[in-house]
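Student: Quick one: this structure, given as structure tokens, is what I'll be asking you about.
The values are calculated or read from the model by the stated rules, or taken from the named source; none is laboratory data. Fair warning: this is a prediction, and the values are worked out from it, not measured in the lab. Using ideal geometry, Cβ is built from the backbone for each residue, glycine included, and neighbour counts are taken over all protein chains shown. Only protein heavy atoms, including side chains, enter the accessible area calculation; ligands, DNA and RNA are left aside. Shrake-Rupley method; radii C 1.70, N 1.55, O 1.52, S 1.80 Å.
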Amino acid sequence: MIAGFFAKPPTPDQMVRKWRSGIRAQERELDRQLRGIEMEESKVKLRIKQLAKKNDTSSCRILAKELVRSRKQKNRIHTSKAQLNSIVMELQRQVALLKVAGSLQKSTQVMRSVNQLMRVPQLQMTLMEMSKEMMKAGVIEEMTEDMFEALDDEDLEDEAEDEVMKVLAEITDGQMGLSVPAALPKHGETQPNAVVDEESEDELDLDDMRARLSALRS
């Protein structure tokens, strides 16, 4: 305890290395999330094509909506990665200037990026701790409570109908979506019992895929 109490505080260079390491870890986590979403998207696209052959427009639209949400989430992840990289670049610049300046300097660029990233739920805990250390080091100013609020997910939940239909047209090569009416001609008759069984299986499959994509986006 006594040795720890009198331990020297980390140098600015050591602090920057710690922050950079933490940021790189977050970038790797975001990459893993992206890969997971993309793998699940491939399965959903294949399922949409299968359902389109059965003329199951309702199920196709539900899965297409999930794809629209996932694409928005991927865009947000790419934006977060760019902001994390921006912080790393600025910290590297500050390290290069340490010999001249003697200490870390206040950076509006880092402050702005941290402010934006603090609103991303999966980054909030790490960035909150890092921001406290950056405030003590004088890199950023004290952050207010409203900066810690998570992003509103309304934009992920409110998919425009034309986006959904464009995705459908893209995946089904125009069989469904913007270029055709909702009802497609049937190519053959199916026994009623078989239809009920297939619909039941499709519904379970649909719920499972939606749940997996939702879990990957959270």
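Student: Go through region 1-23 and report how many residues are modelled with pLDDT under 80 and open to solvent by less than 70 Å² (accessible area, probe 1.4 Å).
Tutor: Of the residues in that region, 2 qualify.
Student: Which ones in region 10-37 are of a type in the set (Lys, Arg) and under 15 Å from ALA96 (Cβ atoms)?
Tutor: Answer for region 10-37, where residues must be of a type in the set (Lys, Arg) and under 15 Å from ALA96 (Cβ atoms): ARG17, ARG20.
Student: If we keep just the residues of region 31-79 that are at negative phi and in a loop (DSSP other than H, G, I, E, B), which is surrounded by the most Cβ atoms within 10 Å (Cβ to Cβ)?
Tutor: Going residue by residue through region 31-79, those that are at negative phi are 31-54, 56-79.
Imposing the further condition that a residue be in a loop (DSSP other than H, G, I, E, B) reduces the set to 54, 56.
Details: LYS54: 17, ASP56: 20.
Out of the qualifying residues, it is ASP56.
Student: Next question, about the same structure. Can you tell me which of (1) in contact with a Gly (Cβ under 9 Å, 6 or more places away or on another chain); (2) surrounded by fewer than 18 Cβ atoms within 10 Å (Cβ to Cβ); (3) not in a helix (DSSP H, G or I) is the one LEU104 doesn't meet?
Tutor: (2)
Student: Now for a different question. Between residues in region 110-129 that are open to solvent by 20 Å² or more (accessible area, probe 1.4 Å) and residues that are modelled with pLDDT under 90 and of a type in the set (Val, Ile, Thr), which pairs lie under 9 Å by C-beta distance while being six or more apart or on different chains?
Tutor: Between residues of region 110-129 that are open to solvent by 20 Å² or more (accessible area, probe 1.4 Å) and residues that are modelled with pLDDT under 90 and of a type in the set (Val, Ile, Thr), the close pairs are MET111/VAL139; MET111/ILE140; ASN115/ILE140.
Student: What's the total number of residues in region 87-96 that are charged (D, E, K, R) and either touching a residue at least 12 places away in the same chain (Cβ under 8 Å) or buried (at least 20 other Cβ atoms within 10 Å of the Cβ) (or both)?
Tutor: Matching residues across region 87-96 total 1.
Student: Give the residue, chosen from LYS99, LYS136, LYS132, that is modelled with pLDDT under 85, basic (Lys, Arg) and open to solvent by 50 Å² or more (accessible area, probe 1.4 Å).
Tutor: Only one candidate qualifies: LYS99.
Student: Among the residues of region 142-167, how many are at pLDDT 85 or above and touching a helix residue (DSSP H, G or I) at 6+ places or on another chain (Cβ under 7 Å)?
Tutor: 3
Student: If you check every pair at least six apart or on different chains, which have Cβ atoms under 7 Å apart with a residue in region 43-69 that is touching a residue at least 60 places away in the same chain (Cβ under 8 Å) and within 15 Å of ALA169 (Cβ to Cβ) first and a residue that is among the hydrophobic types (A, V, I, L, M, F, W, C) and open to solvent by 40 Å² or more (accessible area, probe 1.4 Å) second?
Tutor: THR57/ALA182
Student: Please list, ordered by first then second residue, the pairs with beta carbon atoms under 7 Å, 6 or more apart or interchain, first in region 15-34 and under 28 Å from SER70 (Cα atoms), second surrounded by 15 or more Cβ atoms within 10 Å (Cβ to Cβ) and acidic (Asp, Glu).
Tutor: none
Student: So MET176 passes all but one of these: (1) at pLDDT 70 or above; (2) out of contact with any Gly (no Cβ under 7 Å at 6 or more places or on another chain); (3) surrounded by fewer than 16 Cβ atoms within 10 Å (Cβ to Cβ). Which condition number does it fail?
Tutor: The failed condition is (3).
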